[in-house]
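Computed from the coordinates by the stated procedures, all read-outs in this text should not be read as laboratory data. Note that this is a predicted model, so its numbers are computed, not measured. Note that each Cβ is placed from the backbone with ideal geometry, even for glycine, and that neighbours are counted across all protein chains shown.
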Amino acid sequence: MKRVIIVGMGFGGIRAARELAGKGMEVVMLDRNNYHLFQPLLYQVATAALEQESIAYPIRAMARRWPETRFRLAEVCGVDLEGKRVMTSEGPMEYDYLIVSAGSETNYFGMTSIAEHAYDLKKLEHAETLRNQILGLFERAVKEHDPAKRRAMLTFVIVGGGPTGVEFSGALVELVRYVLAKDYPELSITECRVMLVEASGSILISQPENLRKYAVDRLRRMGVEVLLNTAVSDAAPEHVIFKDGTIIPTHTLFWSAGVKAAPLAGVLDLPKAGGGRIKVKPDLTVEGHPEVYIVGDMACCEQDGAVLPMVAPVAMQMGSYAGKSILARQAERELPPFRYKDKGSMATIGRSSAVASAFGFHLSGYLAWMAWLGLHLMYLVGFRNRILVIMNWGWYYLFHERQVRLITMQESGPPKCTWK
């Protein structure tokens, strides 16, 4: 029985495993975590809308339902392409076919100060850390008597006008205005600032112009300060610096301005493209190694003269194609080259508001928001998770209340209690 090793159980890896399960192949799934993470909803964990567990699903629970698949919790540190072995923290593992879907990481474009002080959302623990930061700053602001210091604590700078930055901005300003304003009556809501900073002249560049304008107008009406043609050049623990020299006192810089291939791509001796992505052939294999497939954010795949974006729909379609391609090769059949079918894009802006474009249709407002809800529920893994998410969304829609306002990390060190 031929062995297929899948590295990374994100959107691409899950789809590949599903295609191969029960088809006469030994499928070994490798990941550093024992769960599949639904990254598009990480920002809702960070803004106290969802519990961490509701957007993650155990990989072993999937493997139980998929015949001839098994999971190994391991860190992949390299691949011996000539010897057909994956080097892991648990030792080497041989393969006949290899699918690498290790995803991406945040790209700070070499700005070390920003990498040191900024928050991002790529892992489950990142969302929890960011939620702790937001709620912790409100607790500190209640006790702060200096207005300038208090205002800095309540200023949140979000860099990057893509879907993540837009969705996080909208969710954060709603958390502040509708929930935290009631939790902290001692604080004035006017002291809080949510700033969305975009280096180009527009947000949501994948959307048509009318939807981009709608998104900007909607965010500004909600209270988000949208700054276009503005770039961040430096950061420190208590301020950020724009390229024009403007200094913004803040304790929270959230970075969503770029991604690059996961570190595993850097240790593979394969041709690279921008962002460290690995160049792939039209069938998603790499030059000289037809048994190795690269899918998802790590793959640099050109179509119609443009490189496919690093988004979940691309990863899912690549993963399905890689699985089908391996099965076709085993049956001595040929598949046509991979071709991504763009089904559109969408982003939620806040409660009852979103933008969506698909198949020539452009939607905004409530209808687009309902489409966004339905699509995300459909792709979320696990019936229990869907129920939990629906309940949380419904509760917030009806009562403007977010239940997961938990500070789960405390400052280290001895207690600072004093009494006389």
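Take 7-18, 235-246 and order them by the average number of nearby Cβ atoms within 10 Å per residue, most first; the result is 7-18, 235-246. Relative contact order of segment 308-420, taken over Cα pairs closer than 8 Å and 6 or more residues apart, is 11 percent.
The distance separating the Cα centre of segment 193-217 from that of segment 75-120 comes to 32 Å. Remark on segment 201-242: hydrodynamic radius 11.9 angstrom, per the Kirkwood mean of 1/r across alpha carbon pairs.
For segment 286-377, the share of alpha carbon pairs falling in successive 5 Å distance bins from zero is 3, 12, 18, 18, 15, 12, 10, 7, 4, 2, 0 percent.
Sorted from longest to shortest, the spans of the Cα atoms of segment 96-158 along the three principal axes equal 65, 24, 15 Å.
The packing ranking of peptides 330-338, 309-317, highest mean first, is 309-317, 330-338, where packing means the average number of other beta carbon atoms within 10 angstrom of each residue. In a reduced charge model with +1 at each Lys and Arg Cβ and -1 at each Asp and Glu Cβ, the chain shows a dipole moment near 940 debye about its Cα centre. Considering only PHE254, ALA171, LEU264, the residue lying farthest towards the positive end of the dipole of segment 125-277 is ALA171, judged by Cα position with unit charges set on Cβ.
With Rg and the Kirkwood Rh both taken from Cα atoms, where does Rg over Rh land for the chain? So for the chain, dividing Rg by the Kirkwood Rh gives 0.99.
Given the Cα-Cα distance of LYS343 and ARG329 and 0.36 nm per residue of separation, how much length would full extension add, in nm? Display every interim value, and only then the final one.
Values: separation 14, 0.36 × 14 = 5.04 nm, distance 2.79 nm.
Contour length minus Cα-Cα distance gives 2.3 nm.
Relative protection proxy for 160-168, 388-396, from highest mean packing down: 160-168, 388-396 (other beta-carbon atoms within 10 angstrom).
Measuring r between the beta carbons of ARG177 and ARG384 and using R0 = 51 Å, the FRET efficiency lands at 0.95.
When only the Cβ of Lys, Arg, Asp and Glu is charged (+1, +1, -1, -1), the dipole of segment 28-140 relative to its Cα centre reaches about 300 debye.
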